[in-house]
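Novice: One structure is given below, represented as structure tokens, and several questions about it will come after.
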Amino acid sequence: MQKWPIGVFASVDAGLGVHLDVARELSIPTVQLHAPHRESRTQQTADTFLKRCSDAGITVTAVFGGFEGESYADIATTARTVGLVPEKTRLPRLKEMKEISDFAKLLGCGTVALHIGFVPEDADGASYRGLIDATRELLDHVEANGQRLHLETGQETADHLLAFIEDVARDNLVINFDPANMILYGTGDPIEALKQVGRLVKSVHCKDATWAPPQERGEAWGREVPLGEGDVGMETYLRTLEDLGYDGPLTIEREIAHDRERQKADIGHAVRLLTELRAKILG
Ligand code: MG
């Protein structure tokens, strides 16, 4: 596969991301998949889906976990409901994430990924220690399936994410870098953050956003916008990835599932922009 193949976030059934047909119509060669509901995580679903992918010349590069009860309604709700951080749901979600890893294996995919949630600030606290233990348990399972776990960026600053990964201390824990999330959550300049965590970045999202006003950053969302129209700076982003030696897929994420037509148009535009910039940068 060529360096920096274009990708798109897609779903097996009705979930986050676009339907596979959109990737096929836009001739996008790779997808990251949002994991399907439990009842669809079967060998048969995997086989059928893989057949559709191979017919369309599409490779699955990552399977993202997500859980019932998660809500991204606002930043406070996200902190309360997302990932393995909330203690009430940690155990069942840990179990479910292992099942998602097993499903990814059925798809022949060596990468599982997730938003782990807002990692607690207090590294000596019980919640943080518990999260470390849960993450290690998940990583052991993922390792046995021959996979790595990619953590989505944005809910922590680069420093905090690095400290957490260091504390977990496992080789198969790396990063899916999403520059727009740094802006949306107000957790730091995306390019500086990318330089900081770059050695651990094994997959990326191509997504764009504009900052919330300074006095609201970290409390209110920034705004997700079509690729190239936000504050990330796509050319600088790609040049930084090139400097870091990143050669994996450029996976487009456009989170406007309520407007499928516009989503598809924006993704088509993003494909053209990334193709142009890739040619300009890689020559
Ligand atoms: Mg993302």
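What follows is calculated from the coordinates using simple rules that are stated; it is not laboratory data. Bear in mind that the values here come from a model prediction, so they are computed numbers and not experimental data. Neighbour counts run over all protein chains shown; Cβ positions are idealised from the backbone, glycine included.
Novice: Please state the shape class of region 6-282: rounded when a/c is under 1.5, otherwise prolate if a/b exceeds b/c and oblate if not, all from the C-alpha gyration tensor.
Specialist: Details: a/c = 1.45, a/b = 1.07, b/c = 1.36.
Verdict is rounded for region 6-282.
Novice: What is the sum of charges, Lys and Arg at +1 and Asp and Glu at -1, for the other residues whose Cβ falls under 15 Å from the Cβ of Leu282? Mind dumping the intermediate values first?
Specialist: Working: positive: Lys3, Arg239, Arg278, Lys280; negative: Glu235, Glu242, Asp243, Asp247, Glu276.
Net of charged neighbours comes to -1.
Novice: For Glu87, what is the net charge nearby, where nearby means another residue's Cβ is under 13 Å from its Cβ and Lys, Arg count +1, Asp, Glu -1?
Specialist: After counting each charged neighbour, the total is +4.
Novice: Still on this structure, I have one more. If you take the charge dipole of the chain about its Cα centre, with +1 on Lys and Arg Cβ and -1 on Asp and Glu Cβ, which of Ala79, Tyr246, Pro213 is farthest toward its positive end?
Specialist: My answer, from the dipole projection, is Tyr246.
Novice: Using helices alone, I'd like the mean residue ellipticity at 222 nm for the chain: each DSSP H run of four-plus residues gives -39500 (n - 2.57), total over residue count, nearest 500.
Specialist: -13500 deg cm²/dmol
Novice: Same structure again: So, with +1 on the Cβ of K and R and -1 on the Cβ of D and E, and no other charges, what is the size of the charge dipole of the chain about its Cα centre, to the nearest 20 debye?
Specialist: Its charge dipole is roughly 800 debye.
Novice: Could you point to the residue in Thr48, Gln2, Leu20 farthest towards the positive end of region 1-66's charge dipole, with +1 and -1 charges on the Cβ of Lys/Arg and Asp/Glu respectively?
Specialist: Farthest towards the positive end: Gln2.
Novice: Right, something else. Please list, in order along region 79-85, the HN-Hα scalar couplings obtained from phi with the Karplus expression 6.51 cos²θ - 1.76 cosθ + 1.60 (θ = phi - 60°), rounded to whole Hz, x for Gly and Pro.
Specialist: 4, 7, 10, 9, x, 8, 5
Novice: In nm, to one decimal, how far is the modelled label at Ile191 from the one at Asp171, with both set 7 Å along Cα→Cβ?
Specialist: In this crude spin-label approximation the distance works out to 3.5 nm.
Novice: Considering only Cα-Cα distances, which of the following residue pairs are longer than 27 Å: Lys51/Lys105; Lys95/Lys207; Lys3/Lys195; Lys3/Lys264; Lys105/Lys264?
Specialist: Among Lys51/Lys105; Lys95/Lys207; Lys3/Lys195; Lys3/Lys264; Lys105/Lys264, the Cα-Cα distance tops 27 Å for Lys95/Lys207; Lys105/Lys264.
Novice: So, in Å, what gap is there between the alpha-carbon centers of region 65-143 and region 1-38?
Specialist: When both Cα centres are located, 22 Å separates them.
Novice: Also, I was wondering about something else. Can you run phi through the Karplus equation (6.51, -1.76, 1.60; θ = phi - 60°) for region 273-279 and list ³J(HN,Hα) in whole Hz, with x for Gly and Pro?
Specialist: 4, 5, 5, 5, 5, 4, 5
Novice: Between Gln215 and Glu87, what is the FRET efficiency for a Förster distance of 30 Å, r being their Cβ-Cβ separation, to the nearest 0.05?
Specialist: 0.45
Novice: Still on this model: With +1 on the Cβ of every Lys and Arg and -1 on the Cβ of every Asp and Glu, and nothing else charged, how large is the dipole of region 28-95 about its Cα centre, in debye rounded to the nearest 20?
Specialist: 220 debye
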